[in-house]
Amino acid sequence: MESVKPSAVTPSKSKLARTFAKVLHVRAVTGIAPVDGLKNVKVDADLSNEANMCKSAINIEDEELQERKATEALLAKTFASISTVKASYAQLQNAQSPYDPDGIQVADQLIVSEFKTLSELKQCYFKKQFDPLPARAILAAKLKELQSVNRTFEIMGKKLESQARLKESEIIFLREKLEEANVHNRSIEKRLNQSGSLSVLDNLHMSGLSPSHFVTVLRHTVRSIRSFVKLLVNEMRSAGWDIDASVKAIMEQNVVYWKEDHKCFAIESFVCREMFDSFNFPNFSLPNESLPDKNKRQLFFGRFNELKPVKAKDFLAGKPRSPFAKFCRNKYLRLVHPKMEASFFGNLNQRTLLNAGEFPDTNFFTSFAEMAKRVWLLHCLAFSFEPQASIFQVGKGCCRFSDVYMESVNENDEEMPVESETQIAFTVVPGFRIGKTVIQCQVYLSQRQVKNFTSTKQR
């Protein structure tokens, strides 16, 4: 057997290796699947790598979750401490009024303690020292926060209850003061409506009469008239009366009122017109009243002094057939219409008593009697002068305002334009002359044209 020469074998092996290397290279480049052995080696390597990556990703997610929970726990503790500080501060404020030194000290210690806790939480955050049990820490922090919030609400509730009690005490005090003021006002009003308000005219002699005395009585008379008008309007409203229709019925012309409340001036004008009717005559609406020819001044001045210190109700009860009693009866029957009385009181008992020579014991008639008394006193005083005082009012169709003889009841009203063209609508309270002295009448000024009034209100 011939031995193989090395030179003959080596080239063959080298050629085979080179061919095999070329095949592997071509498959790698062209994507042709390798042989099964090589394929299994590569897959196993890839699976191992993927497993390692998954384990690494899971570990990272766990760490992030733990860190997030730890951060949430830290925030929960922070908010709980802040709520505790808030509750402690509310407790501190509550302890200051009323002053409670023990409560202030306790609240101060709680605030300092929570500030220390907040400082520790800050350091834990910077040093990454988180709670090992974040879920439990979160629940504990939420419980602490709820307790602090509840304590805050309790403190605020007690404070509000204390303030409510204080307000109730203030309300009771103010009600008492209001009642005292009302009683005082009623007392003043009562004194004004009674003869005691004319005490400045005590010890007055006929020789010492002056226009100032007449003006004093006139002012009290006007107050009494307006008090009765107020009562009359309230009764009308309570009875369901149409105020507009009533005003139109008593006024002879259409009047443009600056304000709705000014319609009361029309009712006051009507009352004055009825009460002062026949004022210039000595018998004053008493046609059957006979007067002596001499010493009339002494007679009227005596009547003035007789009636002035006495209440109208008492005087009527004592002297039901006196001239003043006849005057009251006559003026009431003229001023108060039967339909009005029936709507106010549901019956005509007051008229029945007056026609029978008696006098009603009601607040309405008492107010009327006091007003009638003032008008009667003014009439008596007017005829105590020499020459006697006379009455006047603005005539129909008079449109020119005179500062000498008139004053406006609405000149200071804000609703009334300063530069508006006005005219005299009607006389509210008549004026008087005593010798050369003129006491101005009170008039209501209305706008000249309704069109201009409307445009003024729109502006």
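The values are calculated or read from the model by the stated rules, or taken from the named source; none is laboratory data. Remember, it's a predicted structure, so these values are computed and weren't measured experimentally. Counting neighbours? That spans all protein chains shown, and the Cβs are built from the backbone with ideal geometry, glycine included.
Take residues that are assigned by TED's automatic domain parsing to the domain that holds residue 427 and among the hydroxyl-bearing types (Ser, Thr, Tyr) and tell me which of the helices (runs of 4 or more DSSP H) falling wholly in the range 208-289 contain 3 or more.
Details: elements: 211-238, 243-250, 263-275.
Because the criterion is at least 3 residues that are assigned by TED's automatic domain parsing to the domain that holds residue 427 and among the hydroxyl-bearing types (Ser, Thr, Tyr), the helices (runs of 4 or more DSSP H) in the range 208-289 that meet it are 211-238.
Quick check: anything in the range 184-195 over 21 Å from residue 307 (Cβ atoms) and modelled with pLDDT of 80 or more?
Within the range 184-195, one or more residues are over 21 Å from residue 307 (Cβ atoms) and modelled with pLDDT of 80 or more.
So is residue 305 outside any helix (DSSP H, G or I), surrounded by 14 or more Cβ atoms within 10 Å (Cβ to Cβ) and modelled with pLDDT of 90 or more or not? Before you say what the answer is, go through the steps one by one.
Details: outside any helix (DSSP H, G or I): no; surrounded by 14 or more Cβ atoms within 10 Å (Cβ to Cβ): yes; modelled with pLDDT of 90 or more: yes.
So residue 305 does not fit the description; no.
So for the range 380-398 (the condition being assigned by TED's automatic domain parsing to the domain that holds residue 279 and within 39 Å of the chain's Cα centre (by Cα)), does at least one residue qualify? Please lay out each step first, then the result.
If we filter the range 380-398 for residues that are assigned by TED's automatic domain parsing to the domain that holds residue 279, which is where we start, we get 380-398.
Pick out the ones that are also within 39 Å of the chain's Cα centre (by Cα) and you get none.
No; the residues of the range 380-398 include none that is assigned by TED's automatic domain parsing to the domain that holds residue 279 and within 39 Å of the chain's Cα centre (by Cα).
Scan the range 355-371 and tell me whether some residue there is of a type in the set (Val, Ile, Thr) and under 24 Å from residue 226 (Cβ atoms).
Let us first name the residues in the range 355-371 that are of a type in the set (Val, Ile, Thr), namely 362, 366.
Filter again for under 24 Å from residue 226 (Cβ atoms), leaving 362, 366.
For the range 355-371, residues of a type in the set (Val, Ile, Thr) and under 24 Å from residue 226 (Cβ atoms): present.
Taking residue 116 as the residue in question, decide whether it is surrounded by 12 or more Cβ atoms within 10 Å (Cβ to Cβ), out of contact with any helix residue (DSSP H, G or I) (no Cβ under 8 Å at 6 or more places or on another chain) and part of a helix (DSSP H, G or I).
Numbers: surrounded by 12 or more Cβ atoms within 10 Å (Cβ to Cβ): no; out of contact with any helix residue (DSSP H, G or I) (no Cβ under 8 Å at 6 or more places or on another chain): yes; part of a helix (DSSP H, G or I): yes.
Against the criterion (surrounded by 12 or more Cβ atoms within 10 Å (Cβ to Cβ), out of contact with any helix residue (DSSP H, G or I) (no Cβ under 8 Å at 6 or more places or on another chain) and part of a helix (DSSP H, G or I)), residue 116 does not qualify.
Could you please tell me which pairs satisfy a Cβ distance under 6 Å, a separation of 6+ or placement on different chains, a first residue in the range 203-224 that is surrounded by 18 or more Cβ atoms within 10 Å (Cβ to Cβ), and a second residue that is at pLDDT below 90 and of a type outside the set (Ser, Thr, Tyr)?
From the range 203-224, the pairs are 224/193.
Within the range 367-400, restricting attention to residues that are over 24 Å from residue 202 (Cβ atoms) and β-branched (Val, Ile, Thr), which residue is surrounded by the fewest Cβ atoms within 10 Å (Cβ to Cβ)? Give the derivation first.
Of all residues in the range 367-400, those over 24 Å from residue 202 (Cβ atoms) come to 367-368, 387, 390-400.
Now narrow it down to the ones that are β-branched (Val, Ile, Thr): 391, 394.
Values: 391: 18, 394: 23.
Filtering the range 367-400 for residues that are over 24 Å from residue 202 (Cβ atoms) and β-branched (Val, Ile, Thr), the one surrounded by the fewest Cβ atoms within 10 Å (Cβ to Cβ) comes out as 391.
Is there a residue in the range 317-329 that is in a helix (DSSP H, G or I), surrounded by fewer than 17 Cβ atoms within 10 Å (Cβ to Cβ) and under 47 Å from the mean Cα position of the chain (by Cα)?
Yes, some residue in the range 317-329 is in a helix (DSSP H, G or I), surrounded by fewer than 17 Cβ atoms within 10 Å (Cβ to Cβ) and under 47 Å from the mean Cα position of the chain (by Cα).
Out of (1) assigned to a helix (DSSP H, G or I); (2) loosely packed, with under 15 Cβ neighbours inside 10 Å, the odd one out for residue 297 is which?
Every listed condition holds for residue 297 apart from (2).
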